[in-house]
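The values are calculated or read from the model by the stated rules, or taken from the named source; none is laboratory data. Quantities reported herein were computed from a predicted structural model and do not represent experimental measurements. Please note: Cβ atoms are built from the backbone with ideal geometry, for glycine as well, and neighbour counts cover all protein chains shown. The accessibility values were calculated without ligands, DNA or RNA, using every heavy atom of the protein model including side chains. Shrake-Rupley method; radii C 1.70, N 1.55, O 1.52, S 1.80 Å.
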Amino acid sequence: MQHGTLMRKVKSKSWKKQRYFKLQEDCMTIWYQSKRTGKTESAFSISDVETVREGHQSEVLQSVAEEFPPERCFTIVFYGRRGNLDLIAASAEEAQCWVQGLRQLIDPRSFPLTFALVSRTWIRDWFQKADKNKDGRMNFKEVQRLLKMMNVDMNEDHALRLFQDADKSESGTLEGEEFVLFYKALTQREEVLSLFQEFSEDGKKLTLLELVDFLRQEQLEDEGTEELAMELIDKYEPSETARARHVLSADGFLMYLCSPEGSIFNPQHRVLWQDMSQPLCHYFISSSHNTYLIEDQIRGQSSIEGYIRALKRGCRCLEVDCWDGPNGEPMVYHGHTFTSKIPFREVVSTLGKTSWGNSSSPLPSMGTSPPSSHPQRELVVLASSSAGSQRTRPMEALGTQGASLPPTPQELKHKILVKGKKIGRLEDTLDGPGDEAPDVSDDDNGAEAEEERRRAKVRGTQHSSALQKDKETLAQALSDCVIYCKNVPFRGFQEARSHSRPSEISSLSEAKARKLIRDEGNEFVRHNAWQLTRIYPSGMRTDSSNYSPQEMWNVGCQIVALNFQTAGTEMDLCDGLFSQNGCCGYVLKPPFMRDEETLFNPSDPSSRDGPGPITLTIQVISGQQLPKVANSKEGAIIDPLVRVEIYGVPMDQAHQETKYIENNGFNPHWDETLQFQLHVPELALIRFVVEDYDKTSRNDFVGQFTLAFANIKPGYRHIHLLSKDGTSIPPSSLFVHIRITE
């Protein structure tokens, strides 16, 4: 179609505008324009798209569900904080064409093609930015301006020489393929070429045997190396002739190093690789706090988008706070605050549609229940029927119920576990689950205690005797939803060992947890080997800030709840830990944390069973096409440095950084070696941070990447950087050499 596909762009129930959408010839850019004015409104890159949702999987599309069938609706979700794009196609067939096409383009399995397209798109974008008079040609003055925009401070004579070499037509300007030649000369990777020539006898190609030598000696690939070498040539060598001869060119070698196989993250750990038949308490579980909030804790917006984003990010433990709403309908919001409200029915409907998109692992869900009888009935009915018998109905008892340990993720696939108080005495049930109340620490200035007192006051309202029997029945129905996550107050480790069961769970404030870590670290680890513990943020964190999850993971706490809407180091650590194992939201704890009689204490690493400390050596070689700092002055060029941070047990916490490189964010070279000793590598997370050095004020953030030590691949590796809120920023990367020795 000449103008593209005509679809409705939807912002609200009353705002539905027709727009033409078209995929550009580069297969990496989509633009859309107004049907009425013909003016192009916006464009976005395929690399900005995180996922595509079918049907009414957004608040906006749910609001028009009666008007438009789900087969015609889909949502484009972007990385970071950019708003979703909700669209309605003219037909189900047209919607499927866009959904399947977009999914194929963003599928990481098409990486070689995508990598080449991203590079090509990046070149074209820079050309368009620098071509000030829009004549399709670039003179040397425009090239100098371009270099500043690209974070390059280059000697004018050298820049002129590159310009003249690329100007094959000798017209004094660059156009089309001439600019591509200039760009390739500008981005020549001398450090990669030197490594290539070290293993290449003729300096022009790597034979199959030479590539095998490189993979064994440098990349420490020790199994099926010849088969791997053949696979890499077939996958990344751009020349058909070279592929037929089973050799790898310098371009193919660079493509491999920039690919998933050349990443610092072990690609075998991207998929589900861990044993999922251990008890629930043997796993760290990706967990969110007040999942429905997408802003602050006092006046922020409540939205089903919070649940969708958390689930898409791999979160498996959600929070649902239910309160009385109009006409007896349960509502979800942060009680006794000014946050907005969303109907409980919308939440359970959303969970039914999106809970199993990325993972079939069980989904613990927790929150308070409405105090009144009718909303309790609604809550049970909705939770039981909204998503079918295999999904969000109340958990049925499995064969392992009553065993010495909780059931396994494998046994609980496609199940939602409800955390709450299970009926014993009628008074307990009428009090509701009491999520945070019993575990308040004085260190939090009583904020949680005051919140619970307010909740208790509401729940304690007396009703007529006619309703009391009804409430007893309804409380039993709610109680029946709670099987493996019965909420109990924490009264000490000895009390728990004597009277608690593996099917129970306690919630602790971050301050209470820190005190226990400090005073009874080993007992805390032992407790978490047989029972679930949830940690939640201080009530003083009204800005939705986060605490460090690492210290909680160090003692084996499984459910460490964070505010997913707030970017920062804490969420980087969370994403770094749970980016493995198929992003299923479950990571198996080390063996010494699954033993109820373990001697391990994070404050004394020598108490751990296992080998001695290991040495992690990181040579930071170079950076590629680092982004400018947000809101920087025009013409400003960053002075990048790299800091490597180690998070783990207290003895392993460390950081080191390189020197800064003046005025070069395009291809800085550090060639510096940093070395760390890790006493408990099984718990260590490694965070690579790039900053713009500033001698008069705090350094500015440029990019980061975080991963668990267990997922590191040794050898020459690329680290593909992420933005502050987890967005990929291609083609920005670091090139490093990793060695691990005992």
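For the reader, a short list of remarks on this structure follows.
- Inter-probe distance in nm under a simple model that places probes 7 Å from Cα toward Cβ, at LYS312 and SER607: 4.3 nm
- Solvent-accessible surface of the range 5-106, averaged per residue with a 1.4 angstrom probe and all protein chains in place: 49 square angstrom.
- Overall dimensions of the range 5-106 as given by Cα atoms, namely Rg and Dmax in Å: 12.7, 37
- The separation of the range 197-259 from the range 595-611, counted between C-alpha centres, amounts to 43 Å.
- Using every pair of distinct Cα positions in the range 144-203, the Kirkwood expression returns a hydrodynamic radius of 13.1 angstrom.
- Paramagnetic label zone (point 7 Å from Cα along Cα-to-C-beta, LYS17; backbone N under 16 Å) in the range 42-77: 42-44
- Net charge of Cβ neighbours under 10 Å - reference PHE214; Lys, Arg +1; Asp, Glu -1: -4
- Computed from label points 7 Å out along Cα-Cβ, the spacing between ARG491 and CYS97 is 6.8 nm.
- Isotropic mean projected area of the C-alpha convex hull, the range 256-357 (nm²): 9.3 nm²
- The portion of the accessible surface of the range 597-665 made up by carbon and sulfur, rounded to a whole percent, is 49 (1.4 Å probe; DNA, RNA and ligands excluded).
- Semi-axes of the equivalent ellipsoid for the range 611-741, Cα gyration tensor, largest first, Å: 27, 14, 14
- Cα-only radius of gyration and Dmax that characterise the range 190-262, units Å: 10.9, 30
- Cβ-based net charge around LEU588, under 13 Å, with every Lys or Arg adding one and every Asp or Glu removing one: 0
- In terms of distances greater than 22 angstrom between alpha carbons, the cross-link table entries LYS22/LYS235; LYS628/LYS713; LYS132/LYS724; LYS148/LYS628 yield LYS22/LYS235; LYS628/LYS713; LYS132/LYS724.
- Per-pair calculated FRET efficiency, R0 = 30 Å: GLN188 and THR696 via Cβ, rounded to 0.05: 0.30
- Counted over all Cα-Cα pairs of the range 652-709, pairs farther apart than 15 Å make up 60 percent.
- The residues of the range 611-741 expose on average 39 square angstrom of accessible surface per residue, using a 1.4 Å probe on protein heavy atoms.
- Selected from LEU206, GLN217, SER239, residue furthest toward positive end of dipole (the range 190-262; charges at beta carbon): SER239
- Cα-only radius of gyration and Dmax that characterise the range 121-267, units Å: 18.7, 56
- Where Rh is the Kirkwood radius over Cα pairs, Rg/Rh for the range 181-231: 1.08
- Taking all pairs of distinct alpha-carbon atoms in the range 539-583, Kirkwood radius in angstrom: 11.3 Å
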